[in-house]
Amino acid sequence: MADKSIKKIEVKNLKKSFGELEVLKDISTDVYKGEVVVVIGPSGSGKSTFLRCLNKLESVTGGSIIVNGVDITSKKIDINKVRENIGMVFQHFNLFNNLNILDNLTLAPTQLKKCSKEEARKRAKIMLSKVGLEDKAESYPNQLSGGQKQRVAIARALCMEPDIMLFDEPTSALDPEMVGEVLQVMKELAADGMTMVIVTHEMGFAREVADRVLFMDGGYIVEEGTPEEVLLNPKEPRTIDFLNKVL
Amino acid sequence: MLKIISVYGTLLLTALGRTLLLALLGLFFACFIGLFFGIMGVLKNRVCNVIAQIFVDVIRGVPMIVLAFFVYFGMPYFFNTIIGGFSISLSALQAGTICLALNCGAYMAEIIRAGILSVDIGQMEAARSLGMTYGMAMRKVVLPQAIKTMIPTFINQFIITLKDTSILSVIGFPELVNTAKNVQANTFMSFQTWAIVGVMYLIVITILSRSAKVLERRLNVGR
């Protein structure tokens with residue numbers, strides 16, 4: 001559950017444009033320690049861009065984002081250090097195709113000298129068993145199913161021992177029968193107290209796991225609140241319209 | 001024909017050796033030039049992109065024979081006479097190596113640039129999201145995947161460069177073609193001489209492309 005005394009992410013008046021196109025117009029929100037925030041909204045509403053700004057995969061046009069007390073929009077900070085504490089899971093998994101699963105998990109921790117090779121391998125094996133794939137350590141990404149790849153991707157992010165996890169539509173590229181296994185891993189992570197920001201179309205998951213739901217449209221957060229408030233009793237016409245279409 | 005082989009065989013083989021030496025030297029430096037300008041071409045920096053593009057365009061836009069004359073005669077003249085105060089003189093081997101390295105390097109830069117761009121952007125993003133630097137991500141994730149797609153084109157470029165050494169006969173480097181010209185002048189047996197030289201190139205290049213195929217297969221094991 002969220003600890004309202006510690007802010008992990010503070011977003012203030014965030015703006016982001018791609019050339020002429022203004023994708024994020026004015027976003028402000030805070031994410032607390034241990035909170036699970038689910039971002040929903042129609043495609044093109046800016047949810048993925050918003051998420052990618054949180055670890056600066058997209059540079060912002062205006063406003064500020066403070067992660068663990070560090071303003072990541074400042075040019076002076078070392079963004080790589082900040083990213084070590086923010087895990088990210090992508091829609092298309094993005095496992096390193098040239099490495100086997102174990103090396104996928106140990107590459108960043110060893111390269112960044114967070115720990116020795118031995119320790120990294122030990123931790124990688126623990127993480128793999130956590131996502132139920134300890135027998136796949138020697139496999140290559142193209143030998144796994146989509147669901148398995150995504151679970152490996154989550155394990156890879158966890159090997160850096162982040163305290164925030166970002167999920168960018170983690171189940172959108174999966175066959176329906178594989179969605180459950182990935183959501184299960186995410187539920188366990190949430191239960192462990194991980195701070196999570198999740199962009200998803202899985203409304204059932206949002207209702208079950210989210211502490212707070214943000215509904216985005218047209219570059220703004222249109223409505224936010226508990227899952228009951230936003231998903232069951234939406235007030236804004238745009239939210240009602242969107243939910244009618246997807247539910 | 002047998003007479004040419006018995007009398008000039010050693011001479012031609014030595015010349016072939018020089019051809020291979022020149023090609024290897026040229027390729028060696030071309031790899032660095034290609035990697036340097038290839039990476040400049042994919043960096044998120046307009047200035048670097050433009051510099052890389054200009055290099056490639058200039059070298060690709062000039063015939064190698066002109067480049068050879070320019071490096072061998074033009075550059076020393078520029079430093080020694082136009083600017084003055086220098087006394088630079090390049091051996092034919094040095095000038096030839098520079099020419100091949102520049103020429104092949106420009107094509108390699110394009111091969112490397114295209115190879116890097118063929119790797120899904122998500123690979124770089126995933127590596128960066130874990131906190132790895134651009135350089136680490138490039139070395140450990142993107143380049144290993146890019147190189148695999150580049151290999152067939154690389155082999156093709158190597159073969160072209162090996163054949164391009166013959167152009168450097170014009171600056172007097174005693175490689176195979178240059179030597180063969182002398183053999184022909186001494187014997188007047190032009191058909192036999194050029195047939196032998198043709199077969200010599202053919203053998204070397206066939207060996208090269210066959211072993212490259214084996215290498216390509218080995219690297220793709222398990223993928």
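The values are calculated or read from the model by the stated rules, or taken from the named source; none is laboratory data. Here the structure is a predicted model, which means the values were calculated and not measured. Ideal geometry is used to build each Cβ from the backbone, glycine not excepted, and the neighbour counts take in all protein chains shown.
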**OP:** Would you mind finding the one in B:PHE79, B:PHE29, B:PHE69 that is within 16 Å of the chain's Cα centre (by Cα) and aromatic (Phe, Trp, Tyr)?
**Re:** B:PHE29
Original post:
Within region A:220-235, how many residues are surrounded by 12 or more Cβ atoms within 10 Å (Cβ to Cβ) and more than 18 Å from A:VAL37 (Cβ to Cβ)?
Top reply: 0
**OP:** Being in a helix (DSSP H, G or I) and buried (at least 21 other Cβ atoms within 10 Å of the Cβ) narrows it down to one of A:GLN184, A:GLN148, so name that one.
**Re:** A:GLN148
Original post:
Out of the residues in region A:93-102 that are within 22 Å of A:PRO170 (Cβ to Cβ) and surrounded by 19 or more Cβ atoms within 10 Å (Cβ to Cβ), which is farthest from the other protein chains (Cβ to nearest Cβ)?
Top reply: A:ILE101
Subject >> Conditions (1) out of contact with any helix residue (DSSP H, G or I) (no Cβ under 9 Å at 6 or more places or on another chain); (2) more than 10 Å from every other protein chain (Cβ to nearest Cβ); (3) under 30 Å from A:GLN184 (Cβ atoms): number failed by A:CYS115 >> reply: (1)
Subject >> Residue that is touching an Asp or Glu at 6+ places or on another chain (Cβ under 8 Å) and of a type in the set (Gly, Ala, Ser), where the choices are B:GLY115, B:GLY38, B:GLY85 >> reply: B:GLY38
**OP:** Quick one: which residue in A:ALA157, A:ALA108 is of a type in the set (Gly, Ala, Ser), surrounded by 23 or more Cβ atoms within 10 Å (Cβ to Cβ) and more than 29 Å from A:ALA210 (Cα to Cα)?
**Re:** A:ALA108
**OP:** Using the structure shown, decide if B:LEU35 is surrounded by 15 or more Cβ atoms within 10 Å (Cβ to Cβ) and under 18 Å from B:ASP164 (Cα atoms).
**Re:** no
Original post:
Hey, among the residues in region A:38-58 that are touching a Lys or Arg at 6+ places or on another chain (Cβ under 8 Å) and within 14 Å of another protein chain (Cβ to nearest Cβ), which one's nearest to A:ASP175 (Cα to Cα)?
Top reply: A:THR49
Original post:
A:LEU107 versus (1) within 9 Å of chain B (Cβ to nearest Cβ); (2) part of a helix (DSSP H, G or I); (3) touching an Asp or Glu at 6+ places or on another chain (Cβ under 8 Å): which is the lone unmet condition?
Top reply: (3)
Subject >> Test: A:PHE90 is within 16 Å of A:PRO162 (Cα to Cα), crowded, with 19+ Cβ neighbours inside 10 Å, touching a residue at least 24 places away in the same chain (Cβ under 8 Å) and within 9 Å of chain B (Cβ to nearest Cβ) >> reply: yes
**OP:** Report yes if B:LYS163 is in contact (Cβ under 8 Å) with a residue 40 or more places away in the chain and either within 14 Å of chain A (Cβ to nearest Cβ) or touching a strand residue (DSSP E or B) at 6+ places or on another chain (Cβ under 6 Å) (or both), otherwise no.
**Re:** no
Original post:
Going through region A:15-48 one residue at a time, which ones are more than 24 Å from A:ALA190 (Cα to Cα) and aromatic (Phe, Trp, Tyr)?
Top reply: A:PHE18
Original post:
Can you tell me which residues in region B:148-160 are within 14 Å of chain A (Cβ to nearest Cβ) and either at pLDDT 95 or above or out of contact with any Asp or Glu (no Cβ under 9 Å at 6 or more places or on another chain) (or both)?
Top reply: B:THR149, B:MET150
Original post:
Within region B:111-147, which residues are within 8 Å of chain A (Cβ to nearest Cβ) and of a type outside the set (A, V, I, L, M)?
Top reply: B:ASP120, B:GLY122, B:GLN123, B:GLU125, B:ARG128, B:SER129, B:GLY131, B:THR133, B:LYS140, B:PRO144, B:GLN145
Original post:
What are the residues in region A:151-176 that are in contact (Cβ under 8 Å) with a residue 24 or more places away in the chain, part of a helix (DSSP H, G or I) and away from every other protein chain (no Cβ under 13 Å), if any?
Top reply: A:ARG151
Subject >> Conditions (1) more than 7 Å from every other protein chain (Cβ to nearest Cβ); (2) in a helix (DSSP H, G or I); (3) under 21 Å from the mean Cα position of the chain (by Cα): number failed by A:ARG121 >> reply: (3)
Subject >> Extreme residue, farthest from B:VAL7 (Cα to Cα), among residues of region B:188-223 that are β-branched (Val, Ile, Thr) and modelled with pLDDT under 90 >> reply: B:VAL221
Original post:
For region B:113-133, what are the residues that are assigned to a helix (DSSP H, G or I) and under 28 Å from the mean Cα position of the chain (by Cα)?
Top reply: B:ARG113, B:ALA114, B:GLY115, B:ILE116, B:LEU117
**OP:** From (1) touching a residue at least 60 places away in the same chain (Cβ under 8 Å); (2) away from every other protein chain (no Cβ under 14 Å); (3) on the phi < 0 side of the Ramachandran plot, pick out the condition that doesn't hold for B:GLY172.
**Re:** (3)
